[in-house]
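The values are calculated or read from the model by the stated rules, or taken from the named source; none is laboratory data. These figures come from a predicted structure and were not determined experimentally. We place every Cβ from the backbone using ideal geometry, glycine too, and count neighbours over all the protein chains shown.
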Amino acid sequence: MTPKFISFDCYGTLINFEIGATTRGLYERVLEPAVLEAFLSDFAHYRRDEVLGAWKPYSDVIADGLARTCAKHRVPFDRALADAIYARIPDWGPHPDVTEGLAKIAGKIPLVILSNSMTHLIMHNVDRLGVPFDHVFTAEEAGAYKPRFQAFEFMLDQLGADPADMMHVSCHYRYDIMTAYDMGFGRRVFVDRGVEIIAKGYETDIIPDIRALPALVGL
């Protein structure tokens, strides 16, 4: 399958999403090591739960997810710490494999980003990728976060594409791959960054990093 478009998750897949490391730095003096690991895991789960409802700014997703995590672990919640995490996002750059892999595809197949980000925020990170993207869409524009269908439907409508036209690439099963499978995307590619369990049954190509992506489209 040669897709008409290749769409990508941004944070985690292309950009080294350092939210765990940033949060660790803020709480490692407060929590014992074993508790800190559970805290970071719960924070990731609560953030995912926070995006399943009506759209709200991503700063609130972080703050509300962190507040719920703090409540579970009986740690005082400080909104200033949530804001500090959000403020770091523009500084995060790509994984070392990304620019090399994308450069072999750019200009041959249109590259698209669909990100759970804010419109004012996303280009700070995309500009660090070193490769031009044909389209960049955000959850703010869509009025919904992934994994909701609405986010993907917005992208398809903007592209004038059918799901079968698309290859979607992500390091997240529950945010991206499962929805792309349910919607009938022509091909799904999981980038195994070593941080998420591989889920079986979703007819998904698995690659170790973006350098392996061009071979999947014959480049």
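Quick check on my filter: what residues within the stretch 169-192 are assigned to a helix (DSSP H, G or I), crowded, with 22+ Cβ neighbours inside 10 Å and without any contact (Cβ under 8 Å) to a residue 40 or more places away in the chain?
Hits for the stretch 169-192 are ILE177, ALA180.
Looking only at residues that are modelled with pLDDT of 95 or more, within 15 Å of the chain's Cα centre (by Cα) and aliphatic (A, V, I, L, M) in the stretch 160-216, which one is farthest from LEU102 (Cα to Cα)?
Among those that are modelled with pLDDT of 95 or more, within 15 Å of the chain's Cα centre (by Cα) and aliphatic (A, V, I, L, M), it is MET178.
Would you mind listing the helices (runs of 4 or more DSSP H) fully within the stretch 11-99 where at least 2 residues are in contact with a Phe, Trp or Tyr (Cβ under 7 Å, 6 or more places away or on another chain) and surrounded by 17 or more Cβ atoms within 10 Å (Cβ to Cβ)?
Details: elements: 19-27, 33-50, 58-72, 79-88.
Per the criteria, 19-27, 33-50, 58-72.
In the stretch 151-168, what residues are surrounded by fewer than 20 Cβ atoms within 10 Å (Cβ to Cβ) and of a type outside the set (A, V, I, L, M, F, W, C)?
GLU153, ASP157, GLN158, GLY160, ASP162, PRO163, ASP165
Only one of (1) aliphatic (A, V, I, L, M); (2) within 22 Å of ASP9 (Cα to Cα); (3) in the same structural domain as TYR27 (by TED's automatic domain parsing) is not met by LEU102, so which one is it?
(3)
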